[in-house]
Each structure stands twice: as C-alpha cells, then as structure tokens.
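To keep things clear, I will list the structure first and then write my remarks on it.
The values are calculated or read from the model by the stated rules, or taken from the named source; none is laboratory data. Treat the numbers as computed from the prediction; the structure is a model and nothing was measured. Cβ placement follows ideal geometry from the backbone for every residue including glycine, while neighbour counts extend to all protein chains displayed.
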Amino acid sequence: MLELNSSNLADYLFSTNKISVPNPTIEPLTGGVSALVFKISTPDKSFILKQACKQLRVQDLWLSDPARIEREFLFLSAFKSLAPNGYLAEALWHDNKNHVLAMSLAPAPATPWKTELLGLVADPVRAQQAAEILLAIHNHGPSLKKNFPGLLDKTIFQQLRIEPFYERLALQYPEYATRINYQRKSLFKENGTICHGDFSPKNLLIHPGGMTLVDHETAHFGDYTMDLGLFIAHLVLKCLYAKSKRQSYAELIRCFLKTYQKSNPEKCDLDSQQSALGHLGVVLLTRVSGTSRVDYLDEPQKQEASMLAEALLKGDIKSWERFPPYSW
C-alpha cells in the first residue's frame, strides 16, 4: 500500500491516469481521525480523495483494516439514488490496492454541522434535515440486501465501534458490563435495516442546498437503534457545551426525534427507544472517558455527561420523554 501525502499524491494521480495534468491543486482536509482526505482540483474537475489509515489518530491504540474504504465505496454504490438530492456524495472511482476512494464534492460552501454547533448556533431545520437523511437510509436499506450482500459483513464495524466503544467500556466499567454487553450483542443480530454506524454532526456537511452525509466506513445491515443513540449522544454533548443555551440545543433533539418518529413510527416503539437509549449511554460514556473522547467539554460538563450515561446504563430511563435532555 502506497501511503499518500502532499508530496507523492500528484504523481500517483497522474501516473494512474486519474487526472490529465501533472500539477493539480492539492488541499489537505482536516477533522477526521480515520483517514487522509484531500481536495483535488484541476482545470477540468475537482473531487475529494480519501485514503484509510491503519492506525487511527487518537491517544489510545486503535487499529482498523484500511480495506474499509471499499465498504464506503460499496455503501455509496448502494445508495447512489440519494446523491442527486445532495444527501450523499457520488463515488467516482476506487483503488483497492492502495485503499483510495474518489468522490464528488458537496455543494459549496460546505462545512461540518459540528462547526456550527460549537459556534453556538442551534438551527432546528438542521435537525430536521439530519432526520430526513437517516430516514432515507433506514427506509431504503431493506431493498438492498439481495444486491449488496457485502454490507452484511460487520468486521469493520467490530473494529471501529464494537471493540473500542462497547468491549473496552465494559472492562473499564464492570458495574455496567451487563447492560453494555446486552447492547453489544444486539449489534450482531441479523437485521434487514442499514446501520450507518457513524451518523454524527461532524459527518454532516451543511451547505445552501441542505446537508450531505460523509464517512460511511462502518455501514452495514444491523441495529438501526445504534444510529439513533449515537446521534442523540452527540447532540447531548453539544447541549452541555452550550451551557446557558442548552434549551435551544435540546430543541434539536426534540425536532430530530419528532421528524424521525412521524415518518417511521414502527421503529420508535418503547422497545426501540430503550435500545437506542442504551446505545446512547455507551456512546456518551465513551466520548467523555473512553477510547474516543471529545475535546470541547470542561470537567463539570464531562461529569454531567457521565452521570447521564450512568443513569442510562442502569436502566433507569425507559423512553425519550424520561431522558432529561429531551425536556431541557
């Protein structure tokens, strides 16, 4: 595998006939920990190039097979009908040998929703748009099972979510191991619905036309309630960060769930809510004291997040309406 960088990327693209000029404009993009990402521009085209890293750029040891980039290509191919409306980028080509994927750019100007949220801007329309994208994925997933059996494999999801989030957390917090392991086992069950596995504000690019979802390496046929729990966990963290503005951030949670429930009520019964709340607890605790920690909360905010996570993992909260951030 050729590890790409700003020095050898132009030669790689030109020598493999991916571009027609030897001197493209190369702009490294930041924000992720699992891949190298560049914006490539030539006189006749522009695109995003992504290469998966074996070692994720976090404090703890976190390894994953770079072949997961093929999973992202498979996901984009399966959901290519969502590209014209801007929900997803369009896959252009991929290089299995070097684990490289090229895809179209999101409409400009595009920035991660996380940036807006950390800038203390809480727009309920964004929450509604996020719910619509997730609904499109969850509702369309069952029709893909026959033609995209590769999405049945959970190996990458195991490496990027189950082991670092669930298994490590169960060892770190043995008092909650029973609930954590219950949630972990649900992730292995056969399911006809797609679980994206990384549906979060950092992967939702906002632009004048709406939102575009990026980073699909963990997508698979699995437990859709994990997506709900993970996404709400990220919004809860932003509520805590917002301090005096937490009420307006809590409205994002209510707007997201209202939009999702209205169009997909059968996926929001009490059993599904309890499952999602369990995943929410796992993600919250992982993000403040586990393998994948946020860097924008102060110590009192981290403590509050931990207390919420512990209440969830104890099983004290049975529905969305009983979860405190829902009514802040």
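Listing for the model above:
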| read-out | value |
| --- | --- |
| Residues that are in contact with a strand residue (DSSP E or B) (Cβ under 9 Å, 6 or more places away or on another chain), at pLDDT 90 or above and more than 24 Å from PHE165 (Cβ to Cβ), drawn from the range 20-44 | PRO24, THR25, ILE26, GLU27, PRO28, PHE38, LYS39, ILE40, SER41, THR42 |
| Selection within the range 305-327 - over 12 Å from GLN183 (Cβ atoms), surrounded by fewer than 16 Cβ atoms within 10 Å (Cβ to Cβ) and either in contact (Cβ under 8 Å) with a residue 24 or more places away in the chain or within 17 Å of the chain's Cα centre (by Cα) (or both) | LYS314, LYS318, SER319, SER327 |
| LEU4, sole failed condition from (1) without any contact (Cβ under 8 Å) to a residue 60 or more places away in the chain; (2) surrounded by 14 or more Cβ atoms within 10 Å (Cβ to Cβ); (3) part of a loop (DSSP other than H, G, I, E, B); (4) of a type outside the set (Ser, Thr, Tyr) | (1) |
| All positions within the range 201-242 that are hydroxyl-bearing (Ser, Thr, Tyr) and under 13 Å from ALA276 (Cα atoms) | TYR224, THR225 |
| Within the range 50-161, helices (runs of 4 or more DSSP H) holding 2 or more residues that are within 18 Å of LYS39 (Cα to Cα) | 68-78 |
| Subset of the range 193-234 (residues that are in contact with a Ser or Thr (Cβ under 9 Å, 6 or more places away or on another chain) and assigned to a helix (DSSP H, G or I)) | PRO201, LYS202, TYR224, THR225, MET226, LEU228, GLY229, LEU230, PHE231, ALA233, HIS234 |
| Residue within the range 177-187 that is aromatic (Phe, Trp, Tyr) and over 19 Å from ALA276 (Cα atoms) present | no |
| Qualifying residue in the range 180-195 (condition: buried (at least 16 other Cβ atoms within 10 Å of the Cβ), basic (Lys, Arg) and either modelled with pLDDT of 95 or more or out of contact with any His (no Cβ under 6 Å at 6 or more places or on another chain) (or both)) | yes |
| Contacts under 9 angstrom Cβ, first residue in the range 104-131 being of a type in the set (Ser, Thr, Tyr), partner part of a helix (DSSP H, G or I), 6 or more apart | THR115/PRO201; THR115/LYS202 |
